1. Restricting to region 208-231, count the residues that are surrounded by 24 or more Cβ atoms within 10 Å (Cβ to Cβ), away from the ligand (no atom under 13 Å from the Cβ) and not in a loop (DSSP other than H, G, I, E, B).
2. Taking the residues in region 97-113 that are among the hydrophobic types (A, V, I, L, M, F, W, C) and within 11 Å of the ligand (Cβ to nearest atom) as candidates, determine which candidate is surrounded by the most Cβ atoms within 10 Å (Cβ to Cβ).
3. For region 198-233, give me the residue count where each residue is touching a residue at least 60 places away in the same chain (Cβ under 8 Å), under 30 Å from Phe332 (Cβ atoms) and not aromatic (Phe, Trp, Tyr).
4. So, Ala73, is that one over 22 Å from Phe11 (Cα atoms) and of a type in the set (A, V, I, L, M) or not?
5. Would you check if there is a residue in region 121-137 being touching a helix residue (DSSP H, G or I) at 6+ places or on another chain (Cβ under 8 Å), in a helix (DSSP H, G or I) and under 22 Å from Phe207 (Cα atoms)?
6. Could you list, in sequence order, all residues of region 347-359 that are surrounded by fewer than 16 Cβ atoms within 10 Å (Cβ to Cβ) and within 14 Å of the ligand (Cβ to nearest atom)?
7. Exactly one condition in (1) under 20 Å from Leu7 (Cβ atoms); (2) touching a His at 6+ places or on another chain (Cβ under 7 Å); (3) not aliphatic (A, V, I, L, M) is not met by Asn258; state its number.
8. Mind telling me which of the residues Asp386, Asp350, Asp409, Asp376 ends up being over 29 Å from Thr289 (Cα atoms) and of a type in the set (D, E, K, R)?
Amino acid sequence: MSKKPILFNLFEMNNRTGDSHGLWRHADSKHHHYNDIGFWVEIAQKIEQGGFTSLFLGDFFGAADVYRGTPEAAIRHATQFPSNDPSLIIPSMAAATTSLGFVTTISTTYEHPFLVARRLSTLDHLTRGRIALNVVTSYIASAARYFGLDQPIEHDKRYAMADEFLSVCYKLWEASWDDDAIRFDVENNIHIDPLGVHAIHHQGEFFKVNGPHVCEPSPQRTPVIFQAGSSKAGRDFAARHAECVFVQGRTVTAVKENIAAIRQRATDFGRNPADILMFSQQTAIVAPTRAEAQDRFEDYARYRTADSALAQYCGSSGYDLAALDPDSVLTFMRTEANQSRAAQYTTQSDRAYTVREVIADVGRFGSGILVGTPIDIADRLEAIMDETGLDGFNFNSIVTPATIFDFVDQVIPELRNRGRIAAPATGTLRESLFGAGHARIDPTHPARQTAS
Ligand SMILES: Cc1cc2nc3c(=O)[nH]c(=O)nc-3n(C[C@H](O)[C@H](O)[C@H](O)COP(=O)(O)O)c2cc1C
């Protein structure tokens with residue numbers, strides 16, 4: 001039996017440093033060229049050539065300011081700050097590629113579903129069906145203040161809003177236009193059949209939207225839905241809506257538990273659990289020999305800036321580690337921020353961690369990085385797939401674009417030889433994920449149910 005292909009998304013952000021703390025100081029790092037569209041086009045073409053399924057663009061509003069109670073560290077080290085709009089770089093990359101998908105992050109807490117539905121329909125048209133959205137509820141507390149709120153909206157309420165947000169989008173994407181509404185009938189002077197375009201009437205707890213969708217149906221109608229929550233509310237949301245999930249967990253056991261929980265919940269919601277693809281974060285430092293790979297690891301490690309990583313960790317977990325007794329054990333405290341990050345060293349860890357140990361671990365370079373020859377890395381990736389039941393990886397860069405190019409040039413050919421890289425897709429993004437004939441979202445998905 002042939003082995004299932006390993007799917008790869010590249011995790012990126014439209015910012016100065018990507019997701020890499022301090023490595024911007026390395027002479028090979030080019031991430032600060034993010035305002036040059038050529039920087040993005042070159043990366044998109046390279047990963048398409050390497051058989052990646054998509055380029056994923058995260059997005060955050062504001063500088064993380066939980067660490068020491070100030071955004072100083074995040075600003076000083078350009079930690080996910082500044083942050084440009086991710087969706088605007090997609091059309092240029094799409095024009096320079098043919099099969100690569102693009103995932104753009106959408107905040108369901110701070111954006112409006114009508115405008116988001118329109119933006120994504122437009123992108124799905126321009127990319128010929130290669131768009132996905134990463135649904136986030138924006139845990140970062142500073143985001144609330146840009147939108148006139150003194151306090152962030154509570155964690156579980158944000159998920160309730162996200163649920164209703166998507167149901168508005170589903171109505172606009174799936175229920176508003178008939179497939180044959182566009183007539184372009186010159187003889188009878190009918191461009192669009194008015195009977196084929198239907199107003200939606202949504203009146204919910206958070207949104208009221210009336211009117212027809214202002215975009216004609218795009219190739220996928222509903223773009224592919226990605227999501228990354230691992231809290232109870234987050235998993236429930238994933239199980240109900242997501243087609244691709246970024247599973248979190250520091251250990252194989254934690255990853256497996258999260259996958260099992262989401263698949264179980266999907267069954268409870270009447271969905272086929274196999275309709276959800278699971279990805280985890282992964283990066284690798286590869287070189288022709290182990291000694292060279294190790295040298296490169298040590299070279300990169302010298303640039304790691306612990307304060308940048310701490311600014312990000314504290315901002316996302318909601319814990320100001322600088323304000324806690326370093327010798328106390330970090331225990332789970334419910335915050336309104338990212339509960340998966342809060343669980344990482346507490347409820348989902350392999351042992352108890354003191355605050356001092358967490359600070360050291362977050363600040364350290366190396367956690368989870370695969371280092372070795374192309375064969376070593378390919379072996380480990382295959383083993384992780386087999387041990388966890390994952391469908392693929394969200395590949396992170398360390399020094400951009402060197403980490404990405406090394407991976408595509410060295411590891412991908414090895415995985416291709418092992419039959420682990422799928423042939424390039426010819427249709428929509430959903431078809432490259434789920435197979436030919438799956439351009440539209442599955443009929444059992446709530447998008448199709450709400451719309452019927
Ligand atoms: C791979 C990955 C990418 C993410 N990208 C973003 C992002 O771009 N913007 C954002 O606000 N949150 C992002 N998150 C955070 C999630 O959306 C979510 O808030 C987080 O996992 C916590 O969810 P929970 O509270 O349900 O545990 C990401 C998480 C992961 C694992």
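The values are calculated or read from the model by the stated rules, or taken from the named source; none is laboratory data. None of the values given here were measured: they were computed from a predicted structure. Here the Cβ positions follow ideal geometry from the backbone for every residue, glycine too, while neighbour counts run over all protein chains shown.
1. So the answer is 1.
2. Among residues in region 97-113 that are among the hydrophobic types (A, V, I, L, M, F, W, C) and within 11 Å of the ligand (Cβ to nearest atom), the one surrounded by the most Cβ atoms within 10 Å (Cβ to Cβ) is Val103.
3. 7
4. Spelling it out, Ala73 is indeed over 22 Å from Phe11 (Cα atoms) and of a type in the set (A, V, I, L, M).
5. yes
6. Thr347
7. Here Asn258 clears every test but (2).
8. Testing whether each residue is over 29 Å from Thr289 (Cα atoms) and of a type in the set (D, E, K, R) leaves just Asp350.
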